[in-house]
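First comes the structure, then the notes that go with it.
The values are calculated or read from the model by the stated rules, or taken from the named source; none is laboratory data. All values derive from a computational prediction rather than experimental measurement. Cβ: placed from backbone, ideal geometry, glycine included. Neighbour counts: every protein chain shown. The accessibility values were calculated without ligands, DNA or RNA, using every heavy atom of the protein model including side chains. Shrake-Rupley method; radii C 1.70, N 1.55, O 1.52, S 1.80 Å.
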Amino acid sequence: MIALIQSATDTIQQLTDTTNALNQAVTPAPPELHFIDLLLKGGWVMLPLAFLAFLGLVIFVERYLTIRKASKTESNLMLQIRQYIHEGRLENAIALCRNNNSPLARMLEKGLKRIGRPIKDIEAAIENNGKLEVSKLEKNIGILGIIAGIAPMLGFVGTIIGVITIFHDVSIKGAIEIGTISGGLYTKMITSATGLIIGIIAYVLYHILNMMVERIILRMETDAIEFIDLLEEPGK
């Protein structure tokens, strides 16, 4: 009798194990979540966000290369100009600035061409040319600031539109399904996350370029002051 009960127990255990194994085999594995799939689920708002990201990247690369090239000036430029002026070789100083082809050199060239006029005229010419060179360096940098502000707001708009759509569907069905709401909501929040990421990156790149320009401005102001002091030296 005891052996019969033990045999039945073993049989039931084997059936249970077999059933569990079949259930595990039949139950589908949860789908993998890929980054590209998430972006595609964001909806049409992802298109303008992608455009903003591409535009910001292009502007940063172009401005970065331009500003970095402008910042590469000869360290002894002012020393050579001072030497030429002391020797009375004004044309050589002008040619040196022209061949240097940098914002600083072009600004100093403008001042050299006006030597002989009143100091105030030379200062005004240098200042005006310096402002023009700075404006060239800052070209399109403001667009990065605009992207930093627009991208998060655009992403939030995409999420709001998605939430409105979800609750519109719920009102039509007349029933609240947790799966529908949660599934639709997480896909629509992708736009907010994408907008925030683009905005943060654009904000950082915007300030990187501004700091690079500020360093060039400081160098230009320092050399401009040194140049005016050189012209005001006795005997000049």
Extension gain, residue 163 back to residue 57 (0.36 nm per residue minus Cα-Cα distance, nm): 35.1 nm
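Just to confirm a number: summing +1 for Lys and Arg and -1 for Asp and Glu over residues other than residue 120 whose beta-carbon lies under 14 angstrom from that of residue 120, what do you get?
So the environment of residue 120 carries a net charge of -2.
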Run the 1.4 Å probe and let me know the accessible area of residue 229, rounded to the nearest 10 Å². 80 Å²
Expressed per residue, the solvent accessible area of region 71-139 in Å² (1.4 Å probe) is about 58 Å²
Simple spin-label estimate for residue 72/residue 139, 7 Å along Cα→Cβ, in nm, reads 1.9 nm
Each label sits 7 Å from Cα toward the beta-carbon; between residue 80 and residue 215 the label points are separated, in nm, by 2.2 nm
